[in-house]
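The values are calculated or read from the model by the stated rules, or taken from the named source; none is laboratory data. Please read all numbers here as calculations on a predicted model, not as lab measurements. All Cβ positions, even for glycine, are placed from backbone atoms using ideal geometry, and neighbour counts span all protein chains on display.
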Amino acid sequence: MRKSDESGITFDSSQHEEQGMYSFLSTSELLQLVDCLMESHRFAKTFNMNQEKRNMLWKAGFRGNVKPDLLMHESHSLACTLRILFRMYTDESRQESWKEVEKKLILICCEALNYYLGLTVEKHRDCWTSLLLLMLSRVNQLDDERFRAHASAYYLTLCEMIFHENIPELRAVLKRFFIRSSRAFRICNFNSH
């Protein structure tokens, strides 16, 4: 599939996938990298939830007129983690790790979904919307067996998301998830969707 980047340069997506260090790292190195990224993500998340510490730094003049946060750090470390794990999960050359990767993915995605539901600050929720789009889009692309494993873990939490204000793109991905779930678990049989 051919795509264009921001500069207008066209590239082949399969060629783009091979850029970077992924193919040069062993499975154990990738899993270690994922663990480090998650440690970094959790540190940033803990800092962002600590209003007292953030206020103290702000009053001390750190970052001027803006209360300090690690939102970009929090979201980018998780996005990188998800991209690595979903890539490993479909990489035929890493089949021996698929069960371990699936377990990590489900735990990380459950943690992320539950955290998102508890966010009350709009700026923070906005940062996380792209993470949910990434996660749910990748889950929706999985084969039926894998989709069922993930859907059964996330279904009730995603039902809760219906009651939140979500952007149209996120609502569309949620709709695809629920339609796919109805087919994957044979809840209903319809051909119109």
(message) Condition first: surrounded by 14 or more Cβ atoms within 10 Å (Cβ to Cβ) and over 22 Å from F24 (Cβ atoms). Now tell me which residues in segment 58-94 satisfy that.
(response) W58, P68, D69, L70, L71, H73, E74, S75, L78
(message) Residues to consider are L158, L119; find the one that is in contact with a Lys or Arg (Cβ under 6 Å, 6 or more places away or on another chain) and aliphatic (A, V, I, L, M).
(response) L119
(message) Considering only segment 95-109, I want to know if a residue exists there that is among the small types (G, A, S) and either within 16 Å of the chain's Cα centre (by Cα) or surrounded by 15 or more Cβ atoms within 10 Å (Cβ to Cβ) (or both).
(response) yes
(request) For A151, state whether it is under 13 Å from I106 (Cα atoms) and of a type in the set (G, A, S). (result) yes
(request) State the number of residues belonging to segment 129-143 that are crowded, with 17+ Cβ neighbours inside 10 Å and more than 27 Å from F185 (Cβ to Cβ). (result) 0
(message) Given (1) touching a residue at least 24 places away in the same chain (Cβ under 8 Å); (2) polar (S, T, N, Q); (3) within 27 Å of S28 (Cα to Cα), identify the lone condition not met by Q141.
(response) (1)
(message) For the structure I just gave you, tell me whether L158 is under 27 Å from L33 (Cβ atoms) and either in contact with a Leu (Cβ under 7 Å, 6 or more places away or on another chain) or of a type in the set (A, V, I, L, M) (or both).
(response) no
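A quick yes/no check of all residues on (1) closer than 20 Å to F86 by Cα; (2) basic (K, R); (3) at pLDDT 95 or above:
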site	(1), (2), (3)
T120	no, no, no
N140	yes, no, yes
R148	yes, yes, yes
L156	no, no, yes
N166	no, no, no
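For every residue, the table says whether it meets (1) at positive phi; (2) part of a helix (DSSP H, G or I).
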position	(1), (2)
R138	no, yes
L142	no, no
E145	no, yes
A151	no, yes
E160	no, yes
N166	no, no
E169	no, yes
R186	yes, no
(message) What's the total number of residues in segment 80-129 that are in contact with a helix residue (DSSP H, G or I) (Cβ under 7 Å, 6 or more places away or on another chain), closer than 27 Å to E165 by Cα and small (G, A, S)?
(response) 1
